[in-house]
Amino acid sequence: SSAPHREAERGGGQQTLERVPLELSTTESWLDPFDWYAEMRENHPVRYDERRRVWDVFRYADAARILSDPMTFSSDPTRATELDLPEPEARGPLFETMLTSDGSRHDRLRGVVEESFRPRSLVPRAPHIRDVADDLLDDVVDRGEMDLIADFAYPLPVVVIAELLGVPTEDRPTFKRWSDTLVETPADTSEAGLEAFARERRRVDDELRAYFEAILDDRRTDPRDDLVSDIVHAESDGETLSHEEAVGFCILLLVAGNVTTTNLLGNAVRCLTAHPDAMARLAADPTLTTTAVEEVLRYRSPVQALVRVATRDVELAGADVHTGDAVVPWLGSANRDPAVFDAPDEFRIDRTPNSHLGFGRGTHYCLGAPLARLEARIALEQLFARVTDVERASTELDPVRSAFIYGVRSFPIRYRAH
Ligand code: HEM
């Protein structure tokens, strides 16, 4: 394909990374982007979107190659030459995290908390996670209906990550407002709308910073057995973490551990209500939960897209990508690629092998994957232990409006208590 038009008019400082491709701008297409992905994989596996000024990549092999080669495809968005990023002073602490770092800096940051997220470290937390799930279900089981998102899928992960970090779980409504603002795309794309959006984003950055600075201060004098204390400890040796990095760290863990897992649970129940046979099998045999969770991660991936920046001129499936170009591997499309998955559009709860890219791949492979898997397994086991005959209680679905997070904002269900 030919080189893009680099003279394309600039969009007045708006953050192009938050924009959704035009093809996904309708509710229907964002709820089910998979036909569009199929067409792109077939006919335009790598294409340049003039409007967003990014390369979109749809095939599994190309997405996997990008994620496996961090030297060529950097995670640092400030290396992009064609994107309208915020001015350096307006970037906020999330530009200073492991997610947006390469090489030794990335490894140094990730090393601070890596141990706490290993499956082995999480084992002792499982009974408590089960209690949290059960308490949430206690409140709604007898009602015969709930909003799966508001009543279960949102509070469970937010309580778990808040406890792990060591922040008060009562602040959970505020966490939701903060997280939503950080992942959502501007609804109003007029100049005034984008400006208001950027203002709100900066306000949330400031609030998050103030919130975590106070908690970091507290742990400096009163360390506890929590992640914020680990982060303070790494900051206080004067070498491992800067203060800015410590703040960004807390925010990343709060946001990354929360919206994603909520949507995994929502997407899981969406898949299962659409496949009643699979749901009945799972309810009858909870040992299938592990592979069922992997299949949801593949079939309706909570993270649909990532961003990288080319550090050199490179050819990608026939396209000439230049140094500084932003590249978007579509995980949600890679995960439906028939070159890798047998009958990719079938939802099979016992699919093995299942080498989906739902948690990414390579050096940035999701740090929280073991925690997300544990939470999802426990949540589904407890749900089906407590209720039966689960079905959708509304026909309309309202998608999460984000350029990378995929799920629904609410999911009313009906059921009978066991
Ligand atoms: C990274 C997905 C849950 C923390 C990632 C990446 C993906 C992902 C795709 C790779 C990003 C990239 O390569 O640029 C998910 C999904 C989740 C989930 C689908 C739930 C279903 C969690 C949880 C945490 C977490 C519970 C816990 C705090 C992180 C962190 C990174 C990351 C810190 C950055 C890792 C690095 O840069 O080395 N996640 N995630 N995630 N995730 Fe998750």
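For this structure, a couple of remarks:
- Normalised contact order of the chain, rounded percent, pairs of Cα under 8 Å and 6 or more residues apart: 28 percent
- Theoretical gain in end-to-end length, R416 to A369 [0.36 nm per residue, Cα-Cα removed]: 13.8 nm
- Fraction of accessible area attributable to carbon and sulfur, the chain (%, probe 1.4 Å): 50 percent
- Simple spin-label estimate for D222 and R120 in nanometres, 7 Å along Cα-Cβ: 3.3 nm
- Label point 7 Å beyond Cα of T27 along Cβ direction - residues of the range 391-417 with amide nitrogen under 20 Å: 392-414
- Equivalent ellipsoid semi-axes - Cα gyration tensor, the range 297-418, angstrom: 34, 16, 15
- Sites D320 and A214, calculated FRET efficiency, Cβ-Cβ separation with R0 60 Å, nearest 0.05: 0.75
- Solvent-accessible surface ranking, highest first, for S104, S402 at 1.4 angstrom: S104, S402
- Using Cβ point charges alone (K and R +1, D and E -1), the dipole size of the chain about the Cα centre works out to roughly 680 debye.
- S101 accessible area, 1.4 Å probe, all protein chains in place, Å² to nearest 10: 0 Å²
- Rh (Kirkwood; distinct C-alpha pairs) - the range 107-201, Å: 16.3 Å
- Cα-derived Rg to Rh of the range 277-320, Kirkwood definition: 1.34
- Taking 16 Å as the cut-off, the amide N atoms of the range 348-364 that come nearer than this to a point 7 Å along the Cα-to-beta-carbon line of A280 belong to 349.
- Cβ-Cβ FRET estimate between D138 and D350, R0 fixed at 30 Å, reported to 0.05: 0.45
- Using the 1.4 Å probe convention, the accessible area of the chain works out to 43 Å² per residue with neighbouring protein chains retained.
- Of A334, W178, A379, farthest towards positive along the dipole that unit charges on Lys, Arg, Asp, Glu beta carbons give the chain: A334
- Ratio of the Cα radius of gyration of the range 177-267 to 2.2 N^0.38 Å, where N counts its residues: 1.30
- With a simple spin-label model that places each label point 7 Å from the Cα along the Cα-to-Cβ direction, the separation between A150 and D206 comes to 3.0 nm.
- Percent of Cα pairs exceeding the 33 Å cut-off, where the set is the chain: 32 percent
- Here the Debye sum runs over all C-alpha atoms of the range 114-159 as equal scatterers in vacuum, and log10 of I(q)/I(0) at q = 0.13, 0.18, 0.23, 0.29 Å⁻¹ comes out as -0.37, -0.61, -0.81, -1.03.
- Helical mean residue ellipticity (222 nm; -39500 (n - 2.57) per DSSP H run of 4+; nearest 500) of the chain: -14000 deg cm²/dmol
- On full extension, the segment bounded by T174 and T78 gains 31.7 nm, given 0.36 nm per residue less the C-alpha separation.
- Extension gain from T290 to E391, taking 0.36 nm per residue of separation minus the Cα-Cα distance: 34.2 nm
- What you get for the range 158-229, charging only the Cβ of Lys and Arg (+1) and of Asp and Glu (-1), is a dipole of about 40 debye around the Cα centre.
The values are calculated or read from the model by the stated rules, or taken from the named source; none is laboratory data. Computed from a prediction, not measured in an experiment: that's the story for all the values here. With ideal geometry, Cβ positions are generated from the backbone for all residues, glycine too; neighbour counts draw on all protein chains shown. Quick note on the areas: whole protein, heavy atoms, side chains included, nothing else; ligands and nucleic acids left out. Shrake-Rupley method; radii C 1.70, N 1.55, O 1.52, S 1.80 Å.
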